[in-house]
Amino acid sequence: MTRSKTFSRAGLMLGVTFVAASLGGAAAAQSCTTKIGAVLPTSVDWGKPIAATAQFAVDQVNEAGGVNGCQIEMVLRDSQVDPKVGVDAAKALVDLDGIDVLLGAVSSGVSMPILTSVTVPSGVMQMSCCSSSTVFTGLAEEGKTEGLWFRTFATSGVQAAMGAKVAADQGYKSVAVLYKNDDWGQDIGKLVAADLASLGIEVTGSVALNDGQPSYRAEVTEALRGKPEAIYLALYPKEGIAAVREWISLGGTQNMIVANSLKSEEFVENVGLQFLGNTLGTDTASPRAASADAFVASYTEKFGSAPTGPGLANSYDAAMIALLAMQAAGEGASGAEIAAQIGRVTNPEGMPITADGAGFTKAVEVLAGGGDVFYQGATGNVQFDANGDVSAPAVIWSFSEAGITEEEYVSLDDVNAFMAGLN
């Protein structure tokens, strides 16, 4: 691993004396710094808490003594939810900061080019909190991620299936789909259309929206032609706000089903809560487990509010698991060597550890003794499959005056059963 280290003047003096060589080594261990990278959308309202949550995990580890005796510095760069910006940010982190671990990105459309053009070619482990496209699974199956890719967010298949479930539960007979024209949007748009059709619900149209257009009137008009009873939106707030305003102004239904990407105060404020009363959203969820409850409590104490925004628990787990793997790999480990330790820190046969500084301290002891640990995280007992994917329960939610209101919790067993019934 490439490391940036700083030593005190006293430490350097001790280091050049034979008498206190061992003391100099101890001083160095206490004052060194290891950098990791993060490419996250801090320029948008829902991205800032995701980055802050990752930093929260880093802070807890640093308070517990750091990784392999070194403090962790998370070098954060803004992706702006833009693939070109994200790739440039990742390249700077690799080339200038010498990172071997990258947290990010959020959008699959940003994470994919970072993975294929930066992290895999550079041998950097990439851990995403919030990229869900099933295209990553295919790449991993083909061996093109080289074991360097992991994500703590379940694939788009979960949200697509839950979107179809919402439509069926609401009794909608026809649905139009509007999706962002990127890796994530194309993936979830295709999946939800197939799931709706498998439930006998007519998909009246499936329309792609390109980012950055001044107007989406043409696309919305196209989606309206089939006169759907409801609309499914796989969009981010920027284009979601513009599209929904057009949709409502042209007389479109207020029966909306939205992906977690629109779980945003910005979206509500700029569309208007009065137009979102019939909106139901989907998201993956933390299990009803003690570790998830503990994260909610610690997050609330830290930030003064509950972690209701998208990807927060996933961001915490992505950071903490990456740091645990770095600890297990040892000082000077490469990105590939760190990635190889993920199974050792998420081993169901290992010592259970909590998602906090105390848990990290315990992990250091167990790993030093040659044992494995089983991370009990903010999203539950995290386990990755051979492709770096995880499974998760789901939640159906709505907008209200109080913020985000949970309408239904769907357990992992029920999610898997529902999805199996679609195939």
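General remarks:
- Subset of segment 34-65 [in contact (Cβ under 8 Å) with a residue 60 or more places away in the chain and among the small types (Gly, Ala, Ser)]: Gly37, Ala38, Ala51, Ala52, Ala54, Ala57, Ala64, Gly65
- Residues that are open to solvent by 10 Å² or more (accessible area, probe 1.4 Å) and in a helix (DSSP H, G or I) were ranked within segment 313-335; the one that is farthest from Asp100 (Cα to Cα) is Ala313.
- Count of segment 375-396 residues which are open to solvent by 20 Å² or more (accessible area, probe 1.4 Å) and closer than 17 Å to Ala57 by Cα: 3
- Complete set of residues in segment 334-367 that are without any contact (Cβ under 8 Å) to a residue 40 or more places away in the chain, under 26 Å from Lys35 (Cβ atoms) and among the hydrophobic types (A, V, I, L, M, F, W, C): Val345, Ile353, Ala363, Val366
- Check on Gly370, open to solvent by 50 Å² or more (accessible area, probe 1.4 Å) and without any contact (Cβ under 8 Å) to a residue 24 or more places away in the chain: yes
- Residues of segment 346-391 satisfying the condition of being in contact with a Pro (Cβ under 8 Å, 6 or more places away or on another chain) and over 18 Å from Thr53 (Cα atoms): Val373, Phe374, Asn381, Gln383
- Any hit, segment 160-177, residues being hydroxyl-bearing (Ser, Thr, Tyr) and closer than 13 Å to Asp385 by Cβ: no
- Residue in segment 201-209 that is under 29 Å from the mean Cα position of the chain (by Cα) and under 14 Å from Ala242 (Cβ atoms) present: yes
- Residue in segment 78-95 that is least open to solvent (accessible area, probe 1.4 Å), counting only those that are out of contact with any strand residue (DSSP E or B) (no Cβ under 9 Å at 6 or more places or on another chain) and farther than 19 Å from Val44 by Cβ: Lys91
- In segment 165-193, the residues that are more than 23 Å from Thr379 (Cβ to Cβ) and either touching a residue at least 60 places away in the same chain (Cβ under 8 Å) or touching a His at 6+ places or on another chain (Cβ under 6 Å) (or both): Ala167, Gln170, Tyr172, Val175, Leu178, Lys180, Asp182, Gly185
- Identity of the residue in segment 69-102, part of a loop (DSSP other than H, G, I, E, B) and hydrophobic (A, V, I, L, M, F, W, C), that ends up nearest to Ala325 (Cα to Cα): Ile99
The values are calculated or read from the model by the stated rules, or taken from the named source; none is laboratory data. Predicted model only: the values in this text are computed from it and were never measured. We place every Cβ from the backbone using ideal geometry, glycine too, and count neighbours over all the protein chains shown. The area values use the complete protein model at the heavy-atom level, side chains included, leaving out ligands, DNA and RNA. Shrake-Rupley method; radii C 1.70, N 1.55, O 1.52, S 1.80 Å.
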